[in-house]
Structures are given as C-alpha cells and as structure tokens.
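Trainee: Can you keep this structure in mind? I'll have questions shortly.
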Amino acid sequence: MLRITLLFLVAHVALAQVSNQDLLNPPPENWLTYGGSYDSQRHTKLDEITPGNVKNLQAAWIFPITSTNRLQTVPLVVDGVMYVSAPNEVYALDARSGREIWQYRRANGLNRGPNRGVAVFGNLVYVGTPDAYLVALDARTGTVAWETQIAKTSDGYFSPGAPFVADGKVIAGVGGGDNGLNGWLDAYDAETGKLIWRWYTIPRPGEPGNETWAGDSWKTGGGGTWLSGSYDPELGLIYWGLGNPAPDFDGDIRKGDNLYTESVVALDLKTGKLKWHFQFTPHDVHDWDSVEIPILVDAQFNGRMRKVMAHADRNGFYYVLDRETGEFLHGTPFIDQLNWATGLTPEGRPIRVPGVEPTLTGNFVCPSTSGATNWMSPAYNPVTGLFYLAAKEGCGVSFKGRQEFRPGGFDFKATGYIESPEEPWQMYVRALDLTTGERKWEYMQVNAKSYGAGLISTASGLIFGGDDQGTFAALDARTGAPLWHFETNYRISASPISYAVNGHQYVAVAAGVNIIAFRLPDTN
Amino acid sequence: MFRAIVLIILLAAAAWAQRGVQRNTNPLGSSPEVATAGRALYNQNCTNCHGLDATAGDRAPALAAQRSYNRTSDQDLFDALTKGIPGTGMPALGLSTDDSWRIVAYIRSLRASAADFPPKGDVAQGEAIYNGKGECSTCHTIGGRGGLIGPDLTNLGARSSVRRIREALTVAKPHPPAGYRPVTVHLKDGSMVRGVLKNENNFSLQILGTDDQLHLLSSNEIERMVRDDASLMPSDYDTRLAAEELTNLLAYLSRLVR
C-alpha cells in the first residue's frame with residue numbers, strides 16, 4: 001500500500017477532479033467553462049504573452065478533426081488535458097502537444113447542427129448530441145458514464161450548445177426553433193443524469209406570457225436554447241439568451257410580443273423558476289436570436305456599484321441591464337447601418353420604424369437576418385473597462401410566405417433573406433465602453449464579409465480573434481492595433497481560449513477543421 | 001438481508017434475460033433460408049443508397065460492419081425500414097411485412113453479435129463471478145462503474161461475438177492491442193509511473209496509470225521505459241474458473257447491451 005502511494009505522489013498526474021470551487025474560481029491555467037468563468041468575461045489572468053512579445057508567438061501544434069469543415073467547439077482545459085468536440089465526437093488531447101489520449105464517437109449519429117463544446121465537472125465530460133442526448137464521459141477514458149435523452153430524437157430536436165455546470169447541475173438546452181420546435185432549459189444531476197427541473201421558453205396556457213401569442217401560435221413558437229449561459233453564484237441565478245420565434249419571417253400568424261423568444265432570462269439555479277426576463281426584440285420577424293452570451297460585470301453605473309449584465313444583440317443594439325432585477329439601464333446601437341428602429345424607449349423597448357418587415361417581394365433591412373453579431377463570444381477586460389465584440393455591418397432583403405408546420409424537425413421559417421450583393425459587407429472587432437456603449441476603437445477585418453471567431457482578452461492587454469479569411473490575430477486591447485497574426489487559411493467560426501501547462505501560456509482556437517494551439521518559443 | 005440481495009440479483013438477471021429475448025422478435029425466425037431470401041430483397045431495394053451486401057453506399061451507412069449500431073433489435077430494424085428514420089435520408093420503403101422481416105433476418109445474420117443469440121447459463125452467477133472471483137470489475141467498467149485500465153464492457157454483448165469474448169478470456173494475444181500496451185516508466189526525478197500507453201511518439205507519452213489517472217509525459221523527463229509484451233488482460237480464465245463458472249460468465253457477458 002505504501003509503495004503504491006509513493007508510486008503516484010508525482011507531479012505528472014494530469015486531471016485532478018474539477019470541483020465546485022474550481023468552477024467558482026477557475027485557476028488561470030485551466031479553461032473550465034465555455035465562457036472561461038461564470039461571468040463569461042473570457043478574460044484570462046495569464047500574462048506571459050504580452051503586447052511586447054506577442055510578435056514571437058508561434059503554432060505549437062495542430063489537431064485536425066475532419067468530420068466537419070466548420071468547427072465551433074470552444075476547447076476546455078483541465079490540468080494539461082484539452083477536451084474538444086464536433087457533432088457526435090469528443091476528443092481528449094495532451095494540451096502541450098495535441099497528441100490524442102482518447103476519442104468518443106457516437107455510433108450512427110444524426111447530422112443535425114454544429115457542436116459548440118463540452119462541460120467538465122468531477123471526473124466527467126458532458127456533451128450534447130445531434131440526436132438530443134446529454135452524454136457524460138469519463139474524463140480519463142472517454143467511456144460513457146451515463147446518457148440521458150433531452151428530447152425525443154424523432155421530434156427533430158438537437159443539442160448543439162455547450163452544456164453548463166453549476167452547483168452539481170448540468171444545464172442543457174435544445175436547438176430546433178427554426179423548425180417551430182419550442183425550446184426549454186433542463187437541469188440534470190451531474191452525477192446521475194437525472195432530470196432536476198425543466199423550464200419552457202414558451203409559456204403554456206395558464207402561465208404568464210402565454211397571452212403574448214395569438215391563438216395557438218405558442219405551440220410552434222420556437223425559442224431555442226442553442227448556446228450557453230452565465231451564472232451569478234451570489235444571486236443563485238443563471239442567465240440564458242433565447243432564440244427566435246417561429247415561423248421566423250411570418251409574424252402575422254403569431255401576433256403579440258411572443259415571450260420569451262429573443263429575451264435573456266434569469267432562472268433560479270435551484271428550482272428553474274423564472275426570476276426576471278428582458279426581451280430585446282419583441283415580436284421579431286428577422287430571425288434575430290438573442291442567444292449571444294451575456295457578460296456579467298460588477299461596475300460603477302451612474303455613481304453607484306451595480307451588478308450589471310452587458311449583452312450585444314443580433315438586432316444591432318448593445319444593452320446594459322441590472323442583473324439582479326432585469327432593469328434596463330442603457331442601450332445604444334453598436335453598428336452604423338441600422339434601419340429597423342430609431343432607438344430604445346426608457347424601458348429598453350425598440351422604437352420600430354414601420355415598413356421594414358419581410359414582404360412577399362422582399363424588404364430592405366439593416367442589419368440583415370445574419371445579424372449584427374451572433375454566437376461568437378464577446379469579451380470584457382476589467383482593466384480597460386471595455387467590452388469587445390465581433391460586429392457585422394451590412395443589410396439584407398427579407399421575404400415572407402405562408403408555411404404549414406410539420407412535426408419532426410422540418411423547416412418552419414416561412415421563407416428567408418438574401419444579403420444584397422451590392423452591399424459592402426464588412427466584419428469588425430469593436431471595443432465599447434462598458435457602461436455607455438461608446439465605440440472606443442475598431443479593427444476592420446479586411447475582406448471579411450461574414451462571421452469569424454469570438455474573442456478573448458488577456459491580463460497583459462491583448463485581444464485575440466479571427467475572421468472568415470482564416471486570419472487569427474492579436475490586437476492591442478487599448479487601441480485595436482494588430483500586433484501579431486497567423487494565417488490558418490480556413491474560415492474560423494469558434495471562440496479562442498487561453499491556458500497554461502508547466503507555467504507556459506498557450507492560446508488555442510478551433511479554425512475550420514483544425515484545433516491550433518500557440519505559444520511563445522522556449523528561448524523567449 | 002441476504003435474501004434481499006438474492007432477490008435483487010434474480011430480478012436483475014430476469015431483466016437482462018428479457019432484454020436478450022426482446023431483441024429477437026422476428027416472426028419468420030432467423031434460419032439461413034430466411035436470411036438468404038432477405039439478402040436478395042436487400043440487394044434489389046436498398047442499394048440505391050446503402051452499398052451492395054450491406055456495405056456502405058454513396059448515400060447511406062453500412063448496415064453490417066465492424067462497428068456498433070443504434071438499432072440492434074429485430075423490431076428497431078423493422079421500424080427503420082418500414083417507417084423510415086425521420087429527419088434523415090432514410091425513407092419508409094413500403095415493402096410487404098414478410099419481405100421486411102426477411103431483410104431484418106438478413107441484416108441480423110450479418111451482424112450476429114453475442115447478444116443476438118446469447119448462450120444459456122446462470123446469468124446471476126456469471127455476474128457474481130464478474131464482480132468477485134474473476135476480478136473483472138477492478139479493470140473494466142459497466143455503466144460507468146468499475147476500473148478504467150481495460151475497455152468498457154457496457155455494450156459488449158452487442159459489439160462482440162461469443163467466440164471473441166471467450167477468446168479474450170482464454171487465449172493470450174501475441175501483442176497487447178493499441179491503447180493497452182502496459183509500460184513502466186522511470187522518470188529522471190526518481191518517480192515511477194505504471195499503466196497502459198494511450199499514445200506515444202518520439203517526444204511525448206500519454207499514459208493511463210494503474211491509479212486510474214492520466215500521466216502526460218515529455219520524452220526528456222524519462223530516464224527509462226519498460227514495455228511489457230503481455231496484456232494486462234488475464235487469459236487463463238479457463239483454468240482459473242470451473243467450466244460451469246466460465247459458461248455462466250459468458251452467459252452474463254453476452255447479455256451486456258446498452
């Protein structure tokens with residue numbers, strides 16, 4: 001017995017269990033949740049890579065995943081082991097070398113939606129699947145510990161978002177809103193996979209909010225939960241952005257505000273009860289999901305310290321809310337081309353411009369359906385006080401038609417949109433003042449017309465992001481000046497992370513078909 | 001207390017047995033004649049998408065290959081080809097009920113896993129040997145429980161054949177399979193790691209230790225490494241166990257399906 005103990009009292013033991021404490025206060029060398037920490041600031045405390053030496057940054061390793069050409073996974077790192085995913089697949093990699101430790105493949109998996117990452121807790125790795133299961137894998141072997149069905153596969157649901165672990169519960173959601181499938185959020189016991197609570201995004205008859213749907217339209221109202229969320233442990237509230245109403249483009253059959261689509265909701269983690277909600281686009285007809293990750297900050301607002309939430313919406317507005325109450329504090333556009341609203345009321349409701357709704361022959365709207373931003377995560381640097389995001393300028397033409405709902409996961413958009421070809425579509429990284437939303441700088445991603453990477457911020461004052469050209473770049477967090485770049489030459493659609501092994505800082509991102517990790521050379 | 005345990009074991013055994021039975025519900029049976037008729041029907045009706053003789057086709061997966069399947073029971077396969085698989089390119093085929101069952105018999109005959117036609121035996125005693133005398137659970141997991149050094153056996157009955165399982169227990173492999181090579185690594189700092197090699201190249205090693213933890217090593221940290229030629233999987237269960245015990249263990253293992 002003594003021999004065995006001595007044998008394993010060594011420094012190479014990777015993967016101690018991830019505890020609640022770790023999730024509440026993530027050690028800087030580990031990236032344990034989709035947003036890096038419960039406040040989703042995506043701000044690493046690691047500072048080995050600086051504005052001064054970033055020019056020396058180089059690729060340390062590449063790990064290809066060829067089953068998809070557009071990886072959206074956000075890697076997690078636990079004590080030197082990296083976990084990455086693609087639809088129906090999870091890999092454990094040696095985070096220093098990218099060498100594979102194990103892989104999990106879901107046999108005969110369906111091909112529905114992307115996969116945006118995993119969650120970790122204890123000795124388990126959690127992943128949602130295209131056939132709407134939540135699967136828990138042993139972190140050391142990739143063996144299935146349990147799996148539980150989130151939704152009936154034949155109903156057409158899938159689970160593309162990264163699950164979210166807090167206080168022993170795994171929160172998981174569903175995609176399918178564009179097919180008229182109503183969404184929900186589930187909390188499962190992290191150890192056993194047993195359902196603890198379910199909260200429906202579309203209120204049923206008798207529940208408050210159901211009156212915001214004309215007739216029976218709530219039955220096929222959408223409201224997907226396809227990304228991830230944030231959590232305030234002091235308030236015991238989780239925050240989740242919800243998807244669009246269905247049918248996406250035909251609002252005539254669903255008159256009303258269509259709660260809780262395109263809202264952010266605050267749910268009691270223990271019970272799943274709704275504490276408050278804030279709807280960004282009431283009765284939307286442009287498919288402007290509000291799933292964009294909410295960032296939580298404790299900040300001075302109008303002279304007093306407040307618990308705020310910052311959210312840049314696909315509809316083009318940047319919002320600051322009080323996250324205890326849901327009170328609207330401030331809102332302003334973060335794009336220049338916005339024609340559907342003239343501003344926001346004191347309560348934060350958009351002041352609509354009539355005549356930009358989709359029509360049979362098409363109508364011009366800015367931003368277009370692809371939106372002013374989307375699933376690529378924003379970041380916040382507490383030192384600069386700036387909120388950083390990927391923003392898209394450009395307009396589109398939206399059409400509507402009549403469509404019958406078909407159960408089983410079929411398109412229920414009631415037609416769609418085109419991005420007018422003559423428009424100069426343009427992607428930017430923008431830095432906004434947290435409380436005013438005022439633009440402090442912008443970095444134009446030349447020739448990038450469509451969505452690229454999300455962002456991270458570093459304690460040393462860098463912002464990392466990428467674009468649809470495949471350029472992965474480091475910007476000065478104070479000025480936006482580009483300080484380093486690397487050509488992956490394959491569209492980047494995921495958000496980067498940072499971690500450290502043996503005291504060396506790495507930055508990693510899923511770029512097209514590759515996971516790529518960067519670090520400074522040893523001689524640096 | 002003892003009686004309660006016996007009862008639980010009996011109930012569990014009954015549940016397993018029932019699962020085994022439920023997988024085989026083809027009203028036409030599983031004789032070679034039925035399967036041969038099914039093969040002809042398959043090659044006429046399914047090869048627009050799936051491949052000839054149930055291999056992978058241009059538009060649909062192989063129905064028989066060295067892999068595990070979502071649909072392993074007669075009824076699940078029957079439903080797939082009579083109702084289609086919603087949300088995928090697999091349509092309802094509109095064949096007669098009997099022809100559909102013939103094709104099912106054909107697909108099953110190609111796959112014939114241990115769980116399809118599980119051998120007789122005392123399943124409860126087999127399970128007791130698995131957890132006790134055989135010490136299997138110290139190295140293998142079933143349903144998330146057990147040791148990590150050996151492969152997961154949760155779905156063993158569905159993904160292996162009786163013959164292959166028996167061989168695993170009684171015939172030594174010439175080499176440990178990939179991912180299971182036992183190694184002992186002596187490090188420059190004087191410590192030692194023992195486990196199985198998950199991956200290696202000239203520059204790094206990824207080891208799952210006998211302590212059930214991962215050990216990620218750089219080659220330059222290593223003083224000396226000893227590789228074993230024999231797998232950690234014991235291959236002498238035909239002498240370690242009585243013939244009847246081995247039969248019962250096989251009966252239990254063959255019924256392991258997810």
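The values are calculated or read from the model by the stated rules, or taken from the named source; none is laboratory data. Note that the coordinates shown come from a computational prediction; the quantities given were computed from them, not determined experimentally. We place every Cβ from the backbone using ideal geometry, glycine too, and count neighbours over all the protein chains shown. Ligands, DNA and RNA are stripped out before the accessible areas are found, and what is left, the full protein with its side chains, is counted by its heavy atoms. Shrake-Rupley method; radii C 1.70, N 1.55, O 1.52, S 1.80 Å.
Trainee: Ignoring ligands, DNA and RNA, what percent of the accessible area of chain A is carbon or sulfur (1.4 Å)?
Mentor: Carbon and sulfur: 51 percent of the exposed surface of chain A.
Trainee: With a ≥ b ≥ c the root eigenvalues of the C-alpha gyration tensor of segment A:179-277, is it rounded (a/c under 1.5), prolate (a/b larger than b/c) or oblate?
Mentor: Since a/c reaches 1.5 and a/b is larger than b/c, the shape of segment A:179-277 is classed as prolate.
Trainee: A further question on this structure: HN-Hα J couplings of segment A:165-173 from phi, Karplus 6.51/-1.76/1.60, θ = phi - 60°, integer Hz, Gly and Pro as x?
Mentor: After applying 6.51 cos²θ - 1.76 cosθ + 1.60, I find 9, 8, 6, x, 10, 9, 9, 9, x Hz.
Trainee: Within 10 Å of each Cβ in peptide A:71-80, how many partner chain Cβ atoms are there on average? Round it to a whole number, please.
Mentor: Shielding by partners across A:71-80 averages 1.
Trainee: May I ask you to derive the FRET efficiency for B:SER31 and A:ASP216 from their Cβ-Cβ distance with R0 = 60 Å, giving the value to the nearest 0.05?
Mentor: Computed FRET efficiency for B:SER31 and A:ASP216: 0.70.
Trainee: Name the residue from A:TYR133, A:SER368, A:LEU185 whose Cα lies farthest towards the positive end of the charge dipole of chain A, charges +1 on Cβ of Lys and Arg and -1 on Cβ of Asp and Glu.
Mentor: Checking the options against the dipole of chain A, the answer is A:TYR133.
Trainee: Could you work out the relative contact order of segment A:63-121? I mean the mean sequence separation of Cα pairs under 8 Å and 6+ apart, divided by the number of residues, in percent.
Mentor: Working: 105 pairs, mean separation 21.0, N = 59.
Result for segment A:63-121 is 36 percent.
Trainee: In Å² (nearest 100), what accessible area is buried between A and B, both sides summed, heavy protein atoms only, 1.4 Å probe?
Mentor: 2800 Å²
Trainee: Hey, got a sec? Which trypsin sites (Lys or Arg not before Pro) in segment A:68-138 land in a DSSP loop and have at most 15 other Cβ atoms within 10 Å?
Mentor: A:ARG70
Trainee: Let me ask something else. Hey, what's segment A:88-246 come to in accessible area per residue, 1.4 Å probe, Å²?
Mentor: Working: 4410 Å² over 159 residues.
For segment A:88-246, the per-residue accessible area is 28 Å².
Trainee: Sort B:SER231, A:SER398, B:SER109 by heavy-atom solvent-accessible area, probe 1.4 angstrom, most to least.
Mentor: These residues rank, largest area first, as B:SER109, B:SER231, A:SER398.
Trainee: May I pose another question? Using θ = phi - 60° and the Karplus form 6.51 cos²θ - 1.76 cosθ + 1.60, what ³J(HN,Hα) does each residue of segment A:465-470 get, whole Hz, x for Gly and Pro?
Mentor: Once θ is set to phi - 60°, the couplings for segment A:465-470 become x, x, 9, 6, 7, x Hz.
Trainee: Dipole of segment B:181-227 (Lys/Arg Cβ +1, Asp/Glu Cβ -1, origin at the Cα centre): which of B:VAL185, B:VAL226, B:THR210 lies farthest to the positive side?
Mentor: It is B:VAL226, whose Cα lies furthest towards the positive end.
Trainee: If one computes the Cα centroid of segment A:145-189 and of segment A:470-524, what distance in Å separates the two points?
Mentor: 31 Å
Trainee: Threshold 50 Å², probe 1.4 Å: give the residues of segment B:134-180, in number order, that are less accessible with all protein chains present than with their chain alone.
Mentor: Going by heavy-atom accessible area, the residues of segment B:134-180 that drop by at least 50 Å² are B:LEU148.
Trainee: Moving on. Determine how large the accessible area of A:LYS152 is when every protein chain is in place; take a 1.4 Å probe and give Å² rounded to the nearest 10.
Mentor: Using a 1.4 Å probe on the heavy atoms, I get roughly 120 Å².
Trainee: What do you get for GluC sites (Glu not before Pro) in segment A:359-424 restricted to DSSP loop and a cutoff of at most 12 other Cβ within 10 Å of the site's Cβ?
Mentor: Filter output for segment A:359-424: A:GLU404, A:GLU422.
Trainee: Would you look at the GNM of chain B, springs on alpha carbons closer than 10 Å, and say which of B:GLU245, B:GLU127, B:GLU200 moves the most?
Mentor: The residue that fluctuates most here is B:GLU200.
Trainee: Given a 10 angstrom Cα cut-off, can you work out which residue in B:LEU208, B:LEU169, B:LEU217 is the most mobile in a GNM of chain B?
Mentor: B:LEU217
Trainee: Under the rule a/c < 1.5 gives rounded, and otherwise a/b versus b/c splits prolate from oblate, where does the protein assembly as shown land using the Cα gyration tensor?
Mentor: oblate
Trainee: I would also like to ask the following. Using unit Cβ charges (K, R positive; D, E negative) and no other charged atoms, how large, in debye to the nearest 20, is the dipole of segment A:426-524 about its Cα centre?
Mentor: So the magnitude is around 100 debye.
Trainee: Follow-up. Using DSSP to call loops (not H, G, I, E or B), can you name the trypsin sites (Lys or Arg not before Pro) in segment B:75-143 whose Cβ has at most 16 other Cβ atoms within 10 angstrom?
Mentor: B:LYS120, B:LYS133
Trainee: Report the Cys residues of the protein assembly as shown lacking a disulfide-compatible partner, meaning no second Cys Cβ under 4.7 Å from their Cβ.
Mentor: By the Cβ distance rule, which asks for a partner under 4.7 Å, the isolated cysteines are B:CYS46, B:CYS49, B:CYS136, B:CYS139.
Trainee: Is segment A:147-211 rounded, prolate or oblate when judged by the Cα gyration tensor, a ≥ b ≥ c being the square roots of its eigenvalues, rounded requiring a/c under 1.5 and prolate requiring a/b larger than b/c?
Mentor: Oblate shape, in that a/c is at least 1.5 and b/c is the bigger or equal ratio.
Trainee: Assign unit charges at the C-beta atoms only (+1 for Lys and Arg, -1 for Asp and Glu), then state the dipole size of segment A:154-248 relative to its Cα centre in Debye, rounded to the nearest 20.
Mentor: So the dipole magnitude of segment A:154-248 works out to roughly 160 debye.
Trainee: Suppose accessible area is computed on protein heavy atoms with a 1.4 Å probe; arrange A:PHE399, A:PHE317 from highest to lowest.
Mentor: The ranking, largest first, comes out as A:PHE399, A:PHE317.
Trainee: What spacing in nm lies between the two simple spin-label points modelled at B:GLU223 and A:ARG406, each 7 Å away from Cα in the Cβ direction?
Mentor: Result: 6.9 nm between the two label points.
Trainee: Quick test of the membrane-span-like rule: which DSSP H helices of chain B reach at least 30 Å along their long axis (C-alpha atoms) with mean Kyte hydropathy at least -0.5?
Mentor: Those that pass (Cα extent of 30 Å or more, hydropathy at least -0.5) are B:2-23.
Trainee: Dipole size in debye (nearest 20) for chain A around its Cα centre, Lys and Arg Cβ +1, Asp and Glu Cβ -1?
Mentor: Charge dipole of chain A: 600 debye, to the nearest 20.
Trainee: Expressed as a rounded percentage, what relative contact order does segment B:181-227 have, with Cα pairs under 8 Å and six or more residues apart?
Mentor: Over segment B:181-227, the number comes to 40 percent.
Trainee: Can you give me the relative contact order of chain B as a percent, contacts being Cα pairs under 8 Å and 6 or more apart?
Mentor: Computed value for chain B: 20 percent relative contact order.
Trainee: So for the protein assembly as shown, taking the charge dipole from beta-carbon charges (+1 Lys/Arg, -1 Asp/Glu), which of A:ILE516, A:TYR417, A:LEU296 sits furthest toward the positive end?
Mentor: Farthest along the dipole direction, towards plus: A:ILE516.
Trainee: Using just the helices of the protein assembly as shown, give the 222 nm mean residue ellipticity in deg cm²/dmol: DSSP H runs with n ≥ 4 each add -39,500 (n - 2.57), and the total is spread over all residues, rounded to 500.
Mentor: Taken over the protein assembly as shown, the calculation gives -4000 deg cm²/dmol.
Trainee: Within the set of other residues whose C-beta is less than 10 Å from the C-beta of A:LEU134, count the net charge using Lys and Arg as +1 and Asp and Glu as -1. Walk me through the numbers before you get to the answer.
Mentor: Numbers: positive: none; negative: A:GLU147, A:ASP186.
Net charge around A:LEU134: -2.
Trainee: For segment A:61-69, what does the Karplus curve 6.51 cos²θ - 1.76 cosθ + 1.60, with θ = phi - 60°, yield as ³J(HN,Hα) per residue in whole Hz, taken in order and with x for Gly and Pro?
Mentor: Per-residue couplings from phi come out as 6, 10, 10, x, 10, 8, 6, 9, 9 Hz.
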